[in-house]
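The block underneath contains the structure these notes are about, expressed in structure tokens.
Readers should treat all values here as calculations from the given coordinates under stated rules, not as data from a laboratory. As the structure is a prediction and not an experimental result, all values here were calculated from the model. As a convention, Cβ positions derive from the backbone with ideal geometry for all residues, glycine included, and neighbour counts pool all protein chains shown.
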Amino acid sequence: MTRLVELMPFIVLLPLLAGPVCALLPGRRLPWLLAVAATAGAFIIAATTLAGVMDGTTLRYAFGNWPPPIGIEYRVDAANALVALLITGVATILLPWAAPTVDAEVPERQGVFYALFLIAMAGLLGITLTGDVFNVFVFLEISSLATYGLIAHGRDRRALLAAFRYLIMGTVGATFLLIGIAFLYILTGSLNMVDLAERLPGVSDSRALQVALGFIVVGLAIKLALFPLHHWLPNAYTYAPTLITAFLAATATKVALYVMLRVVFDVFGPAYSFAALPLASALMVLAIAGMFAGSWLAILQENLKRMLAYSSVAQVGYMVLGVSLVSVAGLGAAFLHLFNHGLMKAALFASVGIVAYQAGSVRIQDLQGIGRQMPWTLTAFALAGLSLIGVPPTAGFISKWVLISAALDAGQAWLVVLILITSLMALVYIARVVETAWLRPRPADAPAVNEAAWWLLGPVWLLVAANFYFGLDTRLTLGGATAAAEALAGGALGVGR
Amino acid sequence: MTPLTAVAIPMIGAVAIALAAHRPRLRDGLCFATPLPLFAAVVMLTSAYVVAGDTRAVTLLEIMPGLEIALAVQPLGLTFALLAATLYIVATPYALGYMKHGGYGNLARFMACYAIALGAAMGIAFAENLLTLYLFYEILSISTYPLVAHTGTDKARSGARTYLALLLVTSVGLMLPAMVAIWMLTGTLAFRPEGIMAGRVDPALGALLLVVLAYGIGKAALMPFHRWLPAAMVAPTPVSALLHAVAVVKAGVFSMLTVALFIFGLDYLRGLATQPLMLYIAVFTMIAASLVALHQDNLKARLAYSTVSQLAYIVTGALLATELSALGGGLHMLMHGFGKITLFFCAGAIYIASGINTVSGMDGLARRMPLTMLAFFVGALCVIGLPPSGGFWSKWYLVSGAYSAGHYLVVGAFVLSTLLNIAYLLPPVTRAFLKPPPDDRASGVNEAPALCLIPLLLTAAGTLVLFVLADPAYHLLTGALS
Amino acid sequence: MKDNAILVVVARFLIPLMMLFGLYVQFHGEYSPGGGFQAGVLFAAGWILFVFIYGLETGLRIIPERVIYALACLGVLLYGLIGLLGSLLGGHYLDFSVLLPAPRAAQQAGIILVELGVGITVASVVMLFFLLFARRRAEAEAEGLPLVDPLDEDESRREPRP
Amino acid sequence: MLLLFLVVVGLAVVLTRDLLKATMLFAIYSLTIAGLFALLDAGDVALTEAAVGAGISTVLILAVLALTPRFETTKAGHSLPALVIVTITGAALVYASLDLPQFGDPANPVHQHVGPYYIEQTYADMGIPNMVAAVLASYRSIDTMGEAVVILTAGLGVYALLATRPRRRDKGDR
Amino acid sequence: MTFLSFFNYWAVIVLMMIGYYCVIVRGNMIKKIIGLGIFQTSVFILFISAGKVIGGSTPVLRDGVEVYSNPLPHVLILTAIVVGIATTALGLALTVRIHEAYGSIDDDAIDAAEAQEPQ
């Protein structure tokens, strides 16, 4: 166990230190190799860590050996270990896949590109593992700045605009978070999460605390792309390089959600959070609005990447809906979907990436009849789409199942109707693509397109397989999500089903 | 050997067929080869069950506590599996013959999806619990979607869209939440001979769940969610024949029977407030669909509405909630399967041989295609429920079930519907045999190719054989009920 | 600006002073306000001043772009490796007390080293910023992009309002 | 009074349409803030803010202004929704401020917890007098490492954006 | 709580809101970046004033000084300032590139250019 604790911070440090090295390496293959090695290493450590904390233990690692709250500690339980596993896992699968797409989209200075990628990932992981609220801010900015730089690598000039607008919104969000942290600090003198949780009840009648909670939630909601603060997301996802879109879609918003949950449930405690502000109802309303608006806008899109981006807005709604039920079951559903959605979006964006790479377009009307020419890619897309819709035996089905049962458990049967309606809206936009690709004839003047090489397809199919595997074997995901929910709020909410 | 084998064989076959897409001979060989081991497997499972009562239960994995993917042999499922596996053997040559003769493309995709659909049907038949059944139910919906849309014309696509939308809206929108609710209330979804809801679920809630589930099983085509079935007729006829006369729709009514028997339990079901309501909706569907069928000139559309009506027979049998009526429902599943596939085979054979697809165009056709029309006649007898066809027995038990349950109105409806059956199924026969052919018919029309003709003769013969051999099926099914 | 004799003289005098002050701030950071970050900025400011007077090319001859870029990465790496050393020597990551036998001296050594890392990174990144932005104008001119004079007071050259 | 001056300068920055003036005013604003920090006993921060806010930021913005138009062209753009959002946010902060502790009171939680440890133990732990340096580089050194990474990330990002040769307005594919 | 104490907080809040408003409303990208700078620095004041102890002095140990201000906020704000300049630099680099790509750095003009492009 001691060795595991010693190893745990290297989930973050490995990519963080590999980043600058990567920036120094010349050529194309060397930086890529280093990036793959670093993410794979982080993935292995994350997996071991999760295995070690599934039983409810908490690993604590004090940097510089200064005991918290004097120093900064990493504090890992099932909740953040699961998120860390998702981040590193998705990156490990995507990186080998992405080399040719990066070659096509980032012809120069790939060392910088991979360095930024590693730093962005390290930032996300740092946010996930840390037990110090100011450290959250620092690593949030690390990942954000790297992300802006990565999005700007997109080939379309609108990528620049998307990056700039994300930079403005993201910085406003981070500053809101900073204001919230300021109040927390002023009221308690501490920045350590555990320490804060102990001290906050003493100042629970302060109005400043209410406002602090509000600012932190709003600041993170921007990063989370919670409706109506989602405006940065569609453009950023649409014009970013393919690897970045797939990676961000699978991880970035999840991390923001995780931090929000950590703060709301662990630092403030649900008893305070949901009494001080009408958080449950506000989140529920926004979640439902996001589910419908996102799904509806996804249906209207002509650009495949954009369609999936809006779908992400809707899917974030599901997760937040789970949270808004304020029960361990609901929280478990949120965590489960957090993980599963990462898998499905990674698979979907990765297959769209192959389409973009091979066919040079991701506009739906350009994809007529392409299924015949790229059967493996489009089949992967269709199968991952099934997971998004929530058809068994996919991971998406398990998500829906758990979310529905959490809603019923909370006595909110009407939510079930809304969940199902939006699932069927997902059916509409996925089916539209599948139909265009498979059932329309390829126009005579359309350029010929070849199926991608196996090493492009392999990782996509690996992700698709993961979607099916986790739809059948839920020990890891459901167990992890339940453990995560209990680690976050088990004590405060009582252990549910 | 476990039921998993039966599920796996067509799935493996599908993969093999898909991989052999560019080698036509190998592909055809694989298509022919797939049904045989499947049939053998089902027969072995049957004999193991009949001889030793061995259910060969196998739990594949546990998703959550009380939620398992598990398979087991049970008599009702065996009946369905036997029906599907037997007809698959004859349907495969028919499908290949039809598709090649009709000049359709993408045979590998077609046959692979066809095989997946069969595998899904096996999964439904051998499901040990509602979740497993739901899993394969959805696989069946999705795997048949490319089949319905196969030609890729605007009409096919819009038909397929209606098809998939209705099936998924009902299953995801209604069946899934009902299932989650039952699981939360009872902690299980396993099929139990006495049902799982009695004593655990408040009858008021149970009444609601009955309505939700009856419509949630959209494949049973209860009005007003029956539109998908006529929409599916845009598919090539082999699809209509095996899938929309047998595998898919029978999966629907099989699910209905299973849910009524093993989830609700007949006693509990009888006590629900909405049971009469749903019963009369089924009866209404039965009559109304027959009336619509009467007005369809398109042969396949007429057969489709006939199917809607016949499915309602079986649903009625389930909802009457007596053992006799459930038995009748189970038998009708079998008998109607043979009868309807014969009719569809004939319709397809007529279409590819002569290009005729309307009832009014069939005048004098028997002179050119005597064997086909004879088979059509036999199939019609079976669907109507007249001896010497197997359909007679199932109707008999359905009617006596209704009678013994005291639902005289339902008895009346059965009789009325039978008369309507005669009214819409016999005219094609009489026109073909008795009316003179129109002058402008091309002289080259002859019987369909052997690959199409032989299967339809076989199934026609099967309906007659079942009249004599109804006893084993009867014994098998009574085992399910006692 | 090379022609302006007074400026050159002042600069010759000022720049070494600035750099010296930067070094003082860097290594005296434990005793008085200051540290790696401020020192880095000062150092970079000295270089920028130099560039203002002698031009970018001369500035780059002293420290080539490639070196600036590499130093930026190496500074962070220095920081990270000092931290790693703590981990390797049996302590926690960034635990300096195990670096030397005497914990207090070890802490001081660690602090000086990581501050040096920060200083190097900050100085080189600031230089990099300046060099990239400053060079952009020359490149843009070479490409014939439309440019505006930053000190142009003529209001008539405002782009018309929509 | 310094704060009042800041408000005036801040408003001026927002209202002027001349970006060059805005930049200069922003530099003044930063210098004033640096002075304020010095008054609040934050010598290190004051030094940094002066160097960064008045120094680097200004130089960088000026460098960018050499490449972009000097005047804003967008119409005056005061929108009601924005005003409402700002008012709500501000009102929330004012509401919070009512319960904030007394300014500068040694009894504030900030001065009771964690902070005193640094003040009392720094010398014992490391033997250096500058507590800010101690906290920065040792107690919370992972934050500072993050800080170094942040600046490097920005450097890499800017490098990636500006190290390519500029081209004339290009649409779509760059 | 004295009026003066409130006044400090409120002045800071007004500053924050000036910056925030500037970010939301102004269409010019450089102006947005400057606004962001004002917004962030005003938050820094909040932190630093929290660390102040009346009668205290700069947290560098000296003989004869008993009361020191709290060093922790200073450290946090040092980090935050660095984050601020990093954001500013990246934002400015993006501005330069956007100007090259669109010929403008004002929202109206860019929106107009963007509306003509296909999705």
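Given the stretch B:166-262 reduced to its alpha-carbon atoms as identical point scatterers, what log10 I(q)/I(0) does the Debye formula return at q = 0.12 Å⁻¹?
-0.42
Treat every Asp and Glu Cβ in the stretch D:1-72 as -1 and every Lys and Arg Cβ as +1, leave all other atoms uncharged, and give the resulting dipole magnitude about the Cα centre to the nearest 20 debye.
That gives a dipole near 300 debye.
How tilted is helix A:279-300 with respect to the longest principal axis of chain A? Cα atoms for both, answer in degrees (0 to 90, nearest 10).
With rounding to tens, the tilt is 10 degrees.
Rounded, prolate or oblate for chain D? Axes are the square roots of the Cα gyration tensor eigenvalues, ordered a ≥ b ≥ c, and the cut-off for rounded is a/c under 1.5.
oblate
So how do A:242, D:89 line up by other beta-carbon neighbours within 10 Å, fewest first?
Lowest count first: D:89, A:242.
Taking each pair of distinct Cα atoms in chain A once, what is the resulting Kirkwood hydrodynamic radius in Å?
Final number for the Kirkwood radius of chain A is 22.4 Å.
Label points 7 Å out from Cα along the Cβ direction at residue B:154 and residue A:465: separation in nm?
4.3
Would any residue of the stretch D:18-32 have its amide N under 16 Å from a label point 7 Å out along Cα→Cβ of residue D:2? List them or say none.
Backbone N within reach: D:28-32.
Taking only complete DSSP H runs, can you tell me which helices of chain E stretch 27 Å or more along their own long axis by Cα positions and average at least -0.5 on the Kyte-Doolittle scale?
TM-like helix candidates: E:3-25, E:29-51, E:71-102.
Inverting the mean 1/r over all pairs of different Cα atoms, compute the Kirkwood radius of the stretch B:274-482 and quote it in Å.
17.3
Can you list the lysines whose alpha carbon is less than 22 Å from that of residue B:250, not counting same-chain residues fewer than 8 positions off?
B:219, B:300, B:340, B:395
Semi-axes of the equivalent ellipsoid of the protein assembly as shown: what are they in whole Å, largest first, if each equals the square root of 5 times a C-alpha gyration tensor eigenvalue?
70, 33, 26
Using 19 Å as the cut-off for backbone N distance, which residues of the stretch B:308-331 belong to the label zone defined by a point 7 Å from the Cα of residue B:396 along Cα→Cβ?
The answer is B:314, B:317, B:323-331.
Once the Cα atoms of helix B:176-186 and of chain B are each reduced to a long axis, what angle between those two axes, in degrees from 0 to 90 to the nearest 10, is obtained?
That helix lies at roughly 30 degrees to the long axis.
Per the helix-only calculation at 222 nm, which mean residue ellipticity applies to chain D, given -39500 (n - 2.57) for every DSSP H run of n ≥ 4 and division by its residues, nearest 500 deg cm²/dmol?
-19500 deg cm²/dmol
Roughly how far apart, in whole Å, are the Cα centres of the stretch D:3-50 and the stretch B:133-184?
Taking the Cα centre of the stretch B:133-184 as reference, the centre of the stretch D:3-50 is 64 Å away.
Tell me which GluC sites (Glu not before Pro) from the stretch A:70-145 have a DSSP coil assignment and no more than 14 other beta carbons within 10 Å of their own.
Taking the stretch A:70-145 and a limit of 14 other Cβ atoms within 10 Å, the loop GluC sites (Glu not before Pro) found are A:108.
With +1 on the Cβ of every Lys and Arg and -1 on the Cβ of every Asp and Glu, and nothing else charged, how large is the dipole of the protein assembly as shown about its Cα centre, in debye rounded to the nearest 20?
The calculation lands at about 3700 debye.
First measure r as the distance between the Cβ atoms of residue B:294 and residue A:285, then evaluate 1/(1 + (r/R0)^6) with R0 = 51 Å and state the FRET efficiency to the nearest 0.05.
In this case the efficiency is close to 0.50.
Could you tell me which of C:17, C:6, C:28 has its Cα farthest along the dipole of the stretch C:1-107 towards the positive end, charges placed at Cβ (Lys, Arg +1; Asp, Glu -1), taken about the Cα centre?
Value computed over the given set: C:6.
Once you place label points 7 Å from the Cα toward the Cβ at residue A:473 and residue C:67, how far apart are they in nm?
Simple spin-label model gives 5.6 nm for this pair.
Peptide B:197-206: average number of partner chain Cβ atoms within 10 Å per residue?
Whole-number average of other-chain Cβ neighbours for B:197-206 is 0.
Quick one: length gained pulling residue B:273 to residue B:469 fully straight, 0.36 nm per residue minus the C-alpha distance?
Gain on stretching residue B:273 to residue B:469: 66.7 nm.
Under 5 Å between amide H atoms, partner at least 5 residues away or on a different chain: which partners does residue A:363 have, H built in plane at 1.01 Å?
Those lying under 5 Å, H to H, from residue A:363 are A:304.
Express in nm, to one decimal, how much length is gained between residue C:23 and residue C:139 on full extension, taking 0.36 nm for each residue of separation and deducting their alpha carbon distance.
Value of the extension gain: 38.4 nm.
What average number of partner chain Cβ atoms lie no more than 10 Å from the Cβ of the residues making up B:104-111?
Mean shielding by partner chains, rounded to a whole number: 1.
Using a basic spin-label model with each label point 7 Å from the Cα along Cα→Cβ, how many nm lie between residue B:47 and residue E:112?
About 8.5 nm, to one decimal.
Taking square-rooted eigenvalues a ≥ b ≥ c of the alpha carbon gyration tensor, is the stretch D:57-131 rounded, prolate or oblate, where a/c under 1.5 means rounded and, failing that, a/b exceeding b/c means prolate?
Because a/c hits 1.5 or more and a/b fails to exceed b/c, the stretch D:57-131 counts as oblate.
For the stretch B:1-80, run through the chymotrypsin sites (Phe, Trp or Tyr not before Pro) and keep only the ones in DSSP coil with at most 13 other Cβ atoms within 10 Å of their Cβ.
none
Taking only DSSP H segments of four or more residues, each worth -39500 (n - 2.57), what value at 222 nm results for chain B once the sum is divided by all its residues, to the nearest 500 deg cm²/dmol?
The helix contribution divided over chain B gives -23000 deg cm²/dmol.
Report relative contact order for chain B in percent, whole number only (criteria: Cα-Cα under 8 Å, sequence separation at least 6).
15
Return the Rg/Rh value of the stretch B:1-255, two decimal places, where both radii are evaluated on C-alpha atoms and Rh is the Kirkwood radius.
0.98
Could you tell me which chymotrypsin sites (Phe, Trp or Tyr not before Pro) in the stretch C:1-84 are loop residues by DSSP with no more than 14 other beta carbons within 10 angstrom of their beta carbon?
Loop-located and lightly packed - C:31.
Using a 10 Å cut-off on Cβ atoms, rank the peptides D:22-28, A:217-223, B:416-422 from the highest mean neighbour count down.
Order by mean packing, descending: A:217-223, D:22-28, B:416-422.
Enumerate the lysines that residue A:345 could reach by cross-link, defined here as Cα to Cα under 27 Å, with residues fewer than 8 away along the same chain left out.
The qualifying lysines are A:223, A:254, A:305, A:400.
R0 = 30 Å: FRET efficiency of residue A:424 with residue B:204, Cβ-based, nearest 0.05?
Efficiency at R0 = 30 Å is approximately 0.60.
What translational diffusion coefficient, in µm²/s and rounded to a whole number, does the Stokes-Einstein relation yield for chain B at 10 °C and a viscosity of 1.306 mPa s, taking the hydrodynamic radius as the Kirkwood radius over Cα pairs?
For these conditions, the coefficient is 72 µm²/s.
Over chain A, calculate the relative contact order: mean separation of alpha carbon pairs under 8 Å at least 6 apart, over the residue count, as a percent.
Normalised by residue count, the contact order of chain A is 16 percent.
Over all residues in A:425-432, what is the mean tally of Cβ atoms on other chains that come within 10 Å of each residue's Cβ?
2
Using a simple charge model, +1 on the beta-carbon of Lys and Arg, -1 on the beta-carbon of Asp and Glu, nothing else, what dipole does the stretch D:20-174 show about its Cα centre, in debye to the nearest 20?
My answer is approximately 1360 debye.
First obtain the Kirkwood hydrodynamic radius of the stretch D:1-72 from its Cα pairs, then insert it into the Stokes-Einstein equation at 20 °C and 1.002 mPa s, and state the resulting D in µm² per second as a whole number.
Result for D is 171 µm²/s.
Compute the relative contact order of the stretch A:111-235 as a whole-number percentage, counting only Cα pairs closer than 8 Å that sit 6 or more residues apart in sequence.
24
Take the alpha carbon atoms of the stretch A:52-69, find their center, do the same for the stretch C:1-53, and report the distance between the two centers in whole angstrom.
Taking the Cα centre of each part, the stretch A:52-69 and the stretch C:1-53 sit 44 Å apart.
Determine, from the Cβ-Cβ distance of residue A:300 and residue B:15 and an R0 of 56 Å, the FRET efficiency 1/(1 + (r/R0)^6), rounded to the nearest 0.05.
Calculated transfer efficiency: 0.95.
Could you put E:111, A:55, A:195 in order, starting from the residue whose Cβ has the fewest other Cβ atoms within 10 Å?
A:55, E:111, A:195
What are the DSSP H helices in chain D that stretch 27 Å or more along their long axis, judged by alpha-carbon atoms, and whose average Kyte-Doolittle hydropathy comes to at least 0.0?
Correct list, ordered by number: D:19-39, D:141-162.
How far is helix A:454-472 tilted off the main Cα axis of chain A, in degrees rounded to 10, range 0 to 90?
Long axis of A:454-472 versus the principal axis of chain A: about 50 degrees.
Just want the ordering: C:57, B:68, from fewest to most Cβ atoms lying within 10 Å of their own Cβ.
Exposure proxy ranking, most exposed first: C:57, B:68.
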